[in-house]
Amino acid sequence: MKSTVKQFLMLIFSSYLAYFLILNQGLIGGLMVAGTFLLVCTILFLAGMIGAIKGKLRFLKLKSISEAVGMLIFSSILFLVVLVVAVINSFVVFTTGDDKQASDDKVRLFASTVFQVSSQKELMKTEKNGVIYFYSEETEAEIAKMDEVLQRERQSFNSILGTSDEGGLTVEFHDDYGSLESSYGSGEVAGYYNLGNKSIHLVPTDENWELILVHEYSHYQSHLFSNQYSLPITRIPSWFEEGIADYFADDSSGWYDLKTIELIDFHDLDSQEEYDSSASASYDPYAQGFLAVESLVDAYGEGFIVDLLKSRSTSTFYNKLETMIGMEIEEYQDIFLEKMIAEQEQLDEWYELSHIQFEQKDYEGAEKTATAIKEAGDIYDNDAADWMLVDIQLARGNFMEAADLMNRKIAADHADFLIDDLFLLAEIYLLIDPQLSLESALQAEKLQEDTEFYFYEEDLIAIYEKINSSKATEGYRQLLDEEWLYNPYVLDRLNEKLDKEYPGEF
């Protein structure tokens, strides 16, 4: 009994000593210390085996078989402890490149890649709609906007991919990019998804937080898709995985100078390691991946994404893709960007033409051009074209038609445009029914509160309320004096209306 207690205490002491010595070393130092411990454990294990066979081993003071078996157990457990600690130290130092971290920080960082614990100390934790959030006191207010986007995107992804997201995602906020980069183990990162514990990491105050969140959430949904169909995670080329993530995050080819985009062999972007290492001052793998995906969606619709995601291997993926496009990927690489450049140049010509037509009051021609832009462009071109069509109706004096166009746009609106569209509709309704203006503005204000975006001053609602009261002239005067009207055609028509209704007052 005394021997067992002695061995147990020795195991505790040896384990702590290994923990302390290994985790306070760099990569090489940690491996050397671990190697020494493992060598000792091996020797003790062999000695324990000999003692168990002989019944005793005098030079190690093993007087019985039970003591020898205890030695076997002691050396085996210590061997495993040392091995685990060595793996933790090696993993953290190798991935972060920082060998000066405290031992507790190394353990936390390693645990955060496997379990749903935060990679940072002293973060608070809460759960909302099936998502766990780790946050600081300074970032607690950011949870609401994240939750709203994730609930919207959850429905969209579940519909497109056929996934079932019933919880399991973690979102960890970082107060600054230094913390984010340390957690990721690399610089120049805006956010990342940890496959090991299904966690998204980002700085919630980043001006592009929504694009980053949806991009990383796309990786989570792709992870769910793989699990649902029992598919290998690495079967899909990284350029496609990252490309669809940017696509679902509503990236746009209009944000790129397509003529300056460099391309490399798609097969050189298959693995994540190749993908990450390909980036340079002149080459952006994210641009190539996204633009390729957007060109495919434009040609074949979103439906092909699910079919390609069901590929069981990279070779199957390329076989399916090349069958769909009717050519090898190398040939597609040579032509898809040129086609996108030609399409972008055509859109630019149509934009310029529409402005010329509008200035010349060729409204029918401008209408046709705007419609062509809608048919050929992305969601941002659609938004711009719809506003052109509304302006055409306003310039013609067709206020009801302009309001109807806006109402149809709002009914099928993209979340990014809804608030601005409601405020434009409020301006248009000033020419028709000021009460409807107030209702539209109130809808826009409610959306602003829910999304925590404030593009317009709160005084604007008070002005619309005043216009719908006995102080209408005071409300209109404030609206005009403080330049609250942004649409020039509404402004001109409203001035005409007010001159007629309130002669001499405006």
For the subset of the range 196-234 comprising residues that are charged (D, E, K, R) and closer than 18 Å to T163 by Cα, which member is modelled with the lowest pLDDT? K198
Search result, residues across the range 231-262 that are surrounded by fewer than 15 Cβ atoms within 10 Å (Cβ to Cβ), touching a residue at least 40 places away in the same chain (Cβ under 8 Å) and in a loop (DSSP other than H, G, I, E, B): P232
Taking the condition of being over 29 Å from L150 (Cβ atoms) and either surrounded by 17 or more Cβ atoms within 10 Å (Cβ to Cβ) or under 17 Å from the mean Cα position of the chain (by Cα) (or both), how many residues in the range 263-273 meet it? 2
May I ask you to list the residues in the range 24-45 that are among the polar types (S, T, N, Q) and either within 15 Å of V85 (Cα to Cα) or at pLDDT below 85 (or both)? N24, Q25, T36
Name the pairs whose Cβ atoms lie under 7 Å apart, with the first residue in the range 11-22 and under 14 Å from S103 (Cα atoms) and free of Cβ contacts under 8 Å to residues at least 40 places away in the same chain, the second assigned to a helix (DSSP H, G or I) and not polar (S, T, N, Q), and 6 or more positions between them or separate chains? L21/V33
Neighbours by Cβ (under 7 Å, 6+ apart or cross-chain): first from the range 188-199, over 14 Å from L213 (Cβ atoms); second part of a strand (DSSP E or B): N194/H201; N197/T170; K198/L169; K198/T170
Do any residues in the range 328-357 that are farther than 13 Å from A292 by Cβ and among the β-branched types (V, I, T) have Cβ atoms under 7 Å from those of residues that are surrounded by fewer than 19 Cβ atoms within 10 Å (Cβ to Cβ) and at pLDDT below 95, where the two are at least six apart or on different chains, and which pairs are they? I341/L258; I341/K259
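Residues are listed down the side, and each one gets a yes or a no for (1) over 16 Å from the mean Cα position of the chain (by Cα); (2) closer than 17 Å to S199 by Cα; (3) without any contact (Cβ under 8 Å) to a residue 40 or more places away in the chain:
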| site | (1), (2), (3) |
| --- | --- |
| S118 | yes, yes, no |
| K125 | yes, yes, yes |
| D147 | no, yes, yes |
| Q155 | no, no, yes |
| I160 | yes, no, no |
| G168 | yes, yes, yes |
| V171 | no, yes, no |
Condition set touching an Asp or Glu at 6+ places or on another chain (Cβ under 9 Å) and of a type in the set (G, A, S), scope the range 250-278, selection farthest from V297 (Cα to Cα): answer is S278
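Residue-wise test of (1) charged (D, E, K, R); (2) out of contact with any helix residue (DSSP H, G or I) (no Cβ under 6 Å at 6 or more places or on another chain).
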{"residue": "E294", "(1), (2)": "yes, no"}
{"residue": "D298", "(1), (2)": "yes, yes"}
{"residue": "G301", "(1), (2)": "no, yes"}
{"residue": "S354", "(1), (2)": "no, no"}
Could you pull out the residue among G187, G168 that is under 15 Å from H223 (Cβ atoms) and small (G, A, S)? G168
Report yes if some residue within the range 433-440 is buried (at least 16 other Cβ atoms within 10 Å of the Cβ), touching a Phe, Trp or Tyr at 6+ places or on another chain (Cβ under 9 Å) and assigned to a loop (DSSP other than H, G, I, E, B); otherwise report no. no
Give the residue, chosen from S230, S253, S238, that is farther than 21 Å from S282 by Cβ and among the small types (G, A, S). S230
Of the listed residues (K446, K409), the one being closer than 30 Å to A249 by Cα, at pLDDT 90 or above and within 33 Å of the chain's Cα centre (by Cα) is K409
For the range 1-16, which positions are modelled with pLDDT of 85 or more and either touching a Gly at 6+ places or on another chain (Cβ under 7 Å) or more than 15 Å from S75 (Cβ to Cβ) (or both)? Y16
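The values are calculated or read from the model by the stated rules, or taken from the named source; none is laboratory data. Please read these numbers as outputs of a predicted model, since none were measured by experiment. No Cβ is skipped: glycine too gets one built from the backbone with ideal geometry, and neighbour counts run over all protein chains shown.
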